[in-house]
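Note sheet for the following structure.
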Amino acid sequence: MSNVAEPLERDSASSGKTLDWASLAWFAALTLVCYGVVLWRLGEQWLTNDDMSHGIFVPFLAGYIVWQKWPELAAAPTRPSLWGLLYMIVGALMLCIGPPSLPTFTFITRLAFFSSLFGLLLLLKGWPTIRILRYPFIVALFMIPLPGFLYERITLPLQFVASFLAEQSLDMLGYSVLREGNVLRLPHQTLEVAEACSGLRSLLSLSFLGQAYIYLFDRKVWMRFVIAGAIIPIAVISNAGRIVFTAVMSNISNVWAYGIYHESTGWVVFVIAFVALLFTHRVINGVYDLLSAPQRKLSHV
């Protein structure tokens, strides 16, 4: 009697057989055809939604990482796993759920693409290939916008934090300011920290840009997690600085509170935040080199 607890896995490495990459490319092309509408609408959102303007660059970075890992992928043993079929079935069910016009269901259909692609690789190549591709899979998730309910839960707290920091900064600068939630009341004007000014947009874009920078210029795996955590305070503080700057300048002229002037400050602050990220990375590397120097000396003794 066969053991029912035996993993649903077939080890083709023992037979010396390897999967033809052309076959994998064929099935991947069929998957892209099945999700053509989903990917097309996703691409449209990259071009029309300012919060997802970074999305168009995500496939290029993920593809570059896969290209660099190609020697590892070619050498990886082929161990097809039937668990991949389960992921593909789940992806197919997620693709068929709900009306595609609703944001929540749109998010689910986009996750369905990743589930199907993950399942396809697992079914045809196995866990060794999945382990090699785990980081590009994580990076590729940056091209999916957050679902509406999650966006709202994150945006409102960020609005309050940015408003609080701006209030404290303006108070230290000598401005009389009263904060009511996300509204800052100054003697001659009232500023509302809208959703677009919550800092979530810069947080998402900086997170992706930070991962791209770290992968290209620092191959320490642990640094990816450190930079991901450092980006959060950098994005929040830089966005609060933008609010302070807007309050100060709009006290001189109201044109700084809206229109092209206000939008331009967003780009300037984003550049400043990225420079702060580079400086943070340099500091972390300096501390790491300082702490690891004694160990390197001992290893050479």
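The values are calculated or read from the model by the stated rules, or taken from the named source; none is laboratory data. In this text, all values refer to a predicted model and were calculated from it rather than measured experimentally. Because the Cβ atoms are built from the backbone with ideal geometry, glycine has one as well, and the counts that use them run over all protein chains shown.
For the reader, a short list of remarks on this structure follows.
- If you filter region 64-83 down to residues that are exposed (fewer than 13 other Cβ atoms within 10 Å of the Cβ) and among the small types (Gly, Ala, Ser), you find that the one that is farthest from ALA112 (Cα to Cα) is ALA75.
- Region 47-58 - residue that is buried (at least 17 other Cβ atoms within 10 Å of the Cβ) and under 23 Å from LEU95 (Cα atoms) and, of those, modelled with the lowest pLDDT: MET52
- All conditions in (1) in contact (Cβ under 8 Å) with a residue 12 or more places away in the chain; (2) under 28 Å from TYR215 (Cα atoms) hold for ARG134, with the sole exception of (1).
- Some residue of region 169-183 being closer than 25 Å to THR48 by Cα and touching a helix residue (DSSP H, G or I) at 6+ places or on another chain (Cβ under 6 Å): no
- Single residue of region 168-183 satisfying the filter (more than 20 Å from GLY266 (Cβ to Cβ) and in a loop (DSSP other than H, G, I, E, B)) that is modelled with the lowest pLDDT: GLY181
- Verdict on SER176 being in contact (Cβ under 8 Å) with a residue 60 or more places away in the chain and not aliphatic (A, V, I, L, M): no
- Looking across LEU191, LEU165, one residue alone is part of a helix (DSSP H, G or I) and over 30 Å from ALA76 (Cβ atoms). It is LEU165.
- Among the helices (runs of 4 or more DSSP H) confined to region 20-69, the ones with at least 3 residues that are under 15 Å from the mean Cα position of the chain (by Cα) are located at 58-68.
- Cβ-Cβ distances below 8 Å connect the following pairs, each with a first residue in region 73-98 that is more than 18 Å from ARG134 (Cα to Cα), a second residue that is outside any helix (DSSP H, G or I) and not hydroxyl-bearing (Ser, Thr, Tyr), and a separation of six or more residues or different chains: LEU82/LEU8; LEU82/GLU9; LEU82/ARG10.
- Qualifying residue in region 161-170 (condition: under 21 Å from VAL248 (Cα atoms), among the hydroxyl-bearing types (Ser, Thr, Tyr), crowded, with 18+ Cβ neighbours inside 10 Å and under 29 Å from the mean Cα position of the chain (by Cα)): yes
- Considering only residues in region 90-138 that are among the aromatic types (Phe, Trp, Tyr) and at pLDDT 90 or above, the one that is farthest from the chain's Cα centre (by Cα) turns out to be TRP127.
- Residues that are touching a strand residue (DSSP E or B) at 6+ places or on another chain (Cβ under 9 Å), surrounded by 14 or more Cβ atoms within 10 Å (Cβ to Cβ) and of a type outside the set (Phe, Trp, Tyr) do occur in region 84-101, at least one of them.
- Going through (1) touching a helix residue (DSSP H, G or I) at 6+ places or on another chain (Cβ under 6 Å); (2) assigned by TED's automatic domain parsing to the domain that holds ASN239; (3) surrounded by fewer than 18 Cβ atoms within 10 Å (Cβ to Cβ) one by one, PRO157 falls short only on (1).
- Sole residue being of a type in the set (D, E, K, R) and under 15 Å from the mean Cα position of the chain (by Cα), chosen from ARG219, ARG242, ARG224: ARG224
- Checked against the criterion of being touching a Lys or Arg at 6+ places or on another chain (Cβ under 6 Å) and over 23 Å from ALA25 (Cβ atoms), region 177-184 contains one or more residues that satisfy it.
- For region 198-221, the set of residues classified as part of a loop (DSSP other than H, G, I, E, B) and surrounded by 20 or more Cβ atoms within 10 Å (Cβ to Cβ) consists of SER198, GLY199, listed by residue number.
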